[in-house]
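Student: Submitted below is the structure of interest, expressed as structure tokens.
The values are calculated or read from the model by the stated rules, or taken from the named source; none is laboratory data. The structure presented is a predicted model; accordingly, all values stated were derived computationally and were not measured. Cβ: placed from backbone, ideal geometry, glycine included. Neighbour counts: every protein chain shown.
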Amino acid sequence: MSNKTSNTQRQVTWVIILIFLIISTTVGGFFWVKYEIDKKNNNNNNNNNNQEEIEKEKAREVKRVKLIGEASLLVSGYYYEEAIELLKSDSDIYNNKMISEVKRIEDFVADLKPYTGRIEQVFFHSLIVYPELAFGPTSSEPQGYNYWMTTELEFQRMLPLLMERGYVLVHISDLYDVDAQGNVSAKQIYLPEGKRPLLISIDNVGYPESRKKDGFASRLILDDNNEVTAVIRNLEGKDVVSRTAEVFPIVDDFVKAHPEFSYRGAKGMVGITGSWGVMGYDPKIASEAAVAKKITDRMKETGWQFVSHSYTHAAGKYFSENSTLEGVKEDTELFKKWIVPIIGDSNVFIAPFGVTVKGELYQYFIDEGYSFYLNVDRRSQPKILGKSVLMPRINLDGFVMNRDKAYITEHFFDVDKVYDSRRPVFQ
Ligand SMILES: [Zn+2]
């Protein structure tokens, strides 16, 4: 009996052990499999997370490279603070690389010294695009053009040579301050070593009929890209659009290619002569005045300044040895009436024929708000006279390239590399 009982008990024990083994193997196996699966999943997740992070960092690096490129373009255009601001503008990508870029610009700026050399101002008239017309048998004044004009080819040759000499286009306002009382003082301009400021002005920017047929531009327009460009009558008598027929699009394109040629976007001064119209438009015809105003506004945005070159541009009582106060007033009033509504106020006056009016006449210009009186002189430097600056300018034209070749070669460019051989013999 006891034997039978102990046998049964043994069998039960074995069954229990067996069941226990089966259960524990199953459960253990389950947890082992689960552990393995979890481990695998975890790895996948980590891999995914790493991959995501790598992609994100790649995108950040692309942004960094783009921003550094944009900042270096700003630096070449003398926009230092703007460049630093741009580099710091996105905290998500600001890392050690960006910090060292900022530091590089800051160190560069800290090394800049105020410019103390000569201040040069050069001027031009509208460019001769077709010398065969300007100097040909049908020309209105071939001799005058040979003296006082520059050809498009010469102008295109000058720009890179001026840049090589370190010249940088600036605005008068980069060089002088005018306080509320009208007192003018010199302002410090900081330029990199070897760079020097250059002011340029273009006189008589209107296009009378005689010029149109003599191989000069006929008017300025805004093209489809909202850029100022010229219209010119070509040799076949057809009006064509050209970016090389006038100073303005040539300078715009040159600065675009060489930002280091323009200090903070400065281009030049556009001297409007009232009675010649405004860039090819008649200020007394409302629809034309409106077009001229649109072009003016756009050119101001792109670094050009509009200044007075008188209304009449006439000698006698206006601008000559015999100028009278009455004449000068009459001229200025006409300019205010017809031209200022289009081009806005300006504190720059370009004297016709370079005539420097004296005494109460000069005072009249100051009282009218013209702080800068521009005449013509190849040697002297600007003089601050309390509430005004008398500023000399040099004409870079046929006359000066012939009569003052050595001086021009010494100060601006090698005349032999610029002079247009299509000009008639200079007499
Ligand atoms: Zn003039």
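Student: Only one of Y147, Y78 is among the hydroxyl-bearing types (S, T, Y) and assigned by TED's automatic domain parsing to the domain that holds I350. Can you tell me which?
Tutor: Y147
Student: Before we move on, is P114 within 30 Å of the chain's Cα centre (by Cα), more than 21 Å from T273 (Cα to Cα), of a type outside the set (F, W, Y) and crowded, with 22+ Cβ neighbours inside 10 Å?
Tutor: So P114 does not fit the description; no.
Student: Could you tell me whether any residue of segment 100-111 is assigned to a helix (DSSP H, G or I) and among the aromatic types (F, W, Y)?
Tutor: Yes, that holds for at least one residue.
Student: Is at least one residue of segment 318-328 of a type in the set (A, V, I, L, M), within 28 Å of E141 (Cβ to Cβ) and at pLDDT 95 or above?
Tutor: So far as segment 318-328 goes, yes, one or more of its residues are of a type in the set (A, V, I, L, M), within 28 Å of E141 (Cβ to Cβ) and at pLDDT 95 or above.
Student: Can you report the number of residues in segment 319-360 which are assigned to a loop (DSSP other than H, G, I, E, B), within 16 Å of the ligand (Cβ to nearest atom) and either of a type in the set (D, E, K, R) or within 26 Å of K293 (Cβ to Cβ) (or both)? Spell out how you get there, then give the answer.
Tutor: Of segment 319-360, the ones assigned to a loop (DSSP other than H, G, I, E, B) are 319-324, 339, 344-347, 351, 355-358.
Going one step further and asking which of them are within 16 Å of the ligand (Cβ to nearest atom), we end up with 319-320, 323, 339, 346, 351, 355-357.
Okay, now just the ones that are also either of a type in the set (D, E, K, R) or within 26 Å of K293 (Cβ to Cβ) (or both), so 339, 346, 351.
The number of residues fulfilling the criteria is 3.
Student: Let me ask something additional. Of the residues F426, F399, F413, only one is touching a Lys or Arg at 6+ places or on another chain (Cβ under 8 Å), in contact (Cβ under 8 Å) with a residue 60 or more places away in the chain and among the hydrophobic types (A, V, I, L, M, F, W, C); which?
Tutor: From the options F426, F399, F413, the qualifying one is F413.
Student: Give me the pairs: first residue in segment 327-345 and polar (S, T, N, Q), second residue modelled with pLDDT of 95 or more, beta-carbon distance under 7 Å, and six or more apart or on different chains, which are they?
Tutor: Qualifying pairs under 7 Å: T332/E368.
Student: Return the residue satisfying two criteria in turn: it lies in segment 151-174 and is touching a residue at least 40 places away in the same chain (Cβ under 8 Å) and not in a helix (DSSP H, G or I), and of such residues it is surrounded by the fewest Cβ atoms within 10 Å (Cβ to Cβ).
Tutor: Residue satisfying both the conditions and the ranking: R165.
Student: For segment 377-401, enumerate the residues that are basic (K, R), assigned to a strand (DSSP E or B) and within 30 Å of V425 (Cβ to Cβ).
Tutor: Residues satisfying the conditions do not exist here.
Student: I'm trying to understand the selection: among the residues of segment 258-293, which are at negative phi and under 19 Å from the mean Cα position of the chain (by Cα)?
Tutor: Matches in segment 258-293: H258, P259, E260, F261, S262, Y263, A266, K267, G268, M269, V270, G271.
Student: Do we have any residue at all in segment 107-118 that's more than 19 Å from E193 (Cα to Cα) and either aromatic (F, W, Y) or touching a strand residue (DSSP E or B) at 6+ places or on another chain (Cβ under 7 Å) (or both)?
Tutor: Step one: of segment 107-118, the residues more than 19 Å from E193 (Cα to Cα) are none.
No, that holds for no residue.
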